[in-house]
Structures are given as structure tokens and as C-alpha cells.
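To start, the structure under review is shown below, and the notes come after it.
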Amino acid sequence: MSAARRGMWPAVFAAAAALVLGIATTAFFAATGAFRATAPASWTVQGTRCGAPTPTGSVVRVTVEDMGRMTGGRPGLHGMGMMRLFATPATAPAGKVTLRVVNAGALTHEVVVLPLPAGRIAGERAVGANGRTSETGSLGEASRTCGAGKGDGILPRTTGWTTMTLRPGRYELLCNFPGHYASGMYAELDVVR
């Protein structure tokens, strides 16, 4: 066997190992429900440091998460779709709606509620040079750690909430911290009669 062919085998083995690892990782994420549109009930944050009061009206549980533990919790490692926002249920009746936001990640997050224009889907908003999208027309925001409404963000392993009166229509829930929306932190909420 020539030296060139012997030198090729480590590269072939490395490529095969990478392929097997990729298939195994994809199978694991598929089995745990990571590719679902909503978070499974088993994906709850244990030991959150605060809870929301008993709300009036419908309740939508919003879970925000990131891969901060895998990236050391450092900001700026976004852009690879490693952040998610789930709304359960994804449909609510018109009227008073409380968003109960649980931060299951390692970074600080928020949830902003914006009307979703006809013919558009969540995740299509333009992102500015500052890594944020426009909040013009916002109907509400949950960004206060252990409290209601606006604040400086919901810290990891805590809860925030907001209650709004929503008319029938389509809404986009999103985290508008720099880089978070572009990294996949958005979901649609449909409000029906």
C-alpha cells in the first residue's frame, strides 16, 4: 500500500465518525422532541426562583431557551438557531390573555407581542444593524424578572408575565434582545373568537 493511501485512511475514519455522530445527534433530538413546534411537557424548568400569580383569562405558557450552557452563557454566540421560544397552547380565545414566560435558558430574555401581518409568518421581520427588530405596534411585553410587564429582562430560571386583551388575529411572540430574534426566538400565537 502506498504512503498516500495509508495517509488517506485517518481522514476516511474521521469523516465516517463525524457522519455517525451527526446521525446519532439528529436521532436523539428527534426522539426528545427538539424539532417539534411546541415544547413537550417534560421540558419544564425545575427550581425556578419565582412564579406568576394566578392569572385572569386564558394562560399561554411561553418557554424561552438557549444553548447558553453549551456556549458558556456568553452573549454573541447567536446566529446558529440555538435559541427557541415556544408557546403552549399556540391558540387562545379572544379577550384577556396572560403570557407566563419561563426562562429555561442561561441568558436573559424577554417576550414582546406584535401583530402578525396578513400573508406573513413568524420569523420574517427585518433585523437592524443593532440585532433587533422594530417594536412598533407592540401590544405588550414580559421582560421583568419575577414581575409583570416591562423591565430589564427575565433572568435565567425565573419567570415573568404580562396580561393583555387580544382581539382575534395572528400575533408574533419574540425575544428582541440583540441577536435573539435572528437566532430563532419567535413563535406565532393565534387568537380566535
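The values are calculated or read from the model by the stated rules, or taken from the named source; none is laboratory data. Note that the structure is a prediction, hence the values are computed from the model and not measured. Please note: Cβ atoms are built from the backbone with ideal geometry, for glycine as well, and neighbour counts cover all protein chains shown. Heads up: the accessible areas ignore ligands, DNA and RNA and are worked out on the full protein's heavy atoms, side chains in. Shrake-Rupley method; radii C 1.70, N 1.55, O 1.52, S 1.80 Å.
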Tabulated pairs, segment 171-193, first on the phi > 0 side of the Ramachandran plot, second among the charged types (D, E, K, R) and open to solvent by 50 Å² or more (accessible area, probe 1.4 Å), C-beta under 8 angstrom, 6+ apart or interchain: 184/84
Residues (assigned to a strand (DSSP E or B) and farther than 12 Å from residue 153 by Cα) located in segment 91-116: 91, 92, 93, 95, 96, 97, 98, 99, 100, 113, 114, 115
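Among the residues of segment 81-90, are any outside any strand (DSSP E or B) and buried (at least 22 other Cβ atoms within 10 Å of the Cβ)?
Going residue by residue through segment 81-90, those that are outside any strand (DSSP E or B) are 81-82, 89-90.
Cutting the leftovers down to buried (at least 22 other Cβ atoms within 10 Å of the Cβ) gives us none.
For segment 81-90, residues outside any strand (DSSP E or B) and buried (at least 22 other Cβ atoms within 10 Å of the Cβ): absent.
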Looking at segment 108-120 only, could you name the residues that are touching a strand residue (DSSP E or B) at 6+ places or on another chain (Cβ under 7 Å) and either at pLDDT below 95 or open to solvent by less than 20 Å² (accessible area, probe 1.4 Å) (or both)? 109, 110, 111, 112, 113, 114, 116
Of all residues in segment 133-154, count the ones that are open to solvent by less than 80 Å² (accessible area, probe 1.4 Å), assigned to a loop (DSSP other than H, G, I, E, B) and over 13 Å from residue 172 (Cα atoms). 6
Keeping to segment 155-177, report how many residues are part of a loop (DSSP other than H, G, I, E, B), of a type outside the set (Lys, Arg) and surrounded by fewer than 17 Cβ atoms within 10 Å (Cβ to Cβ). 1
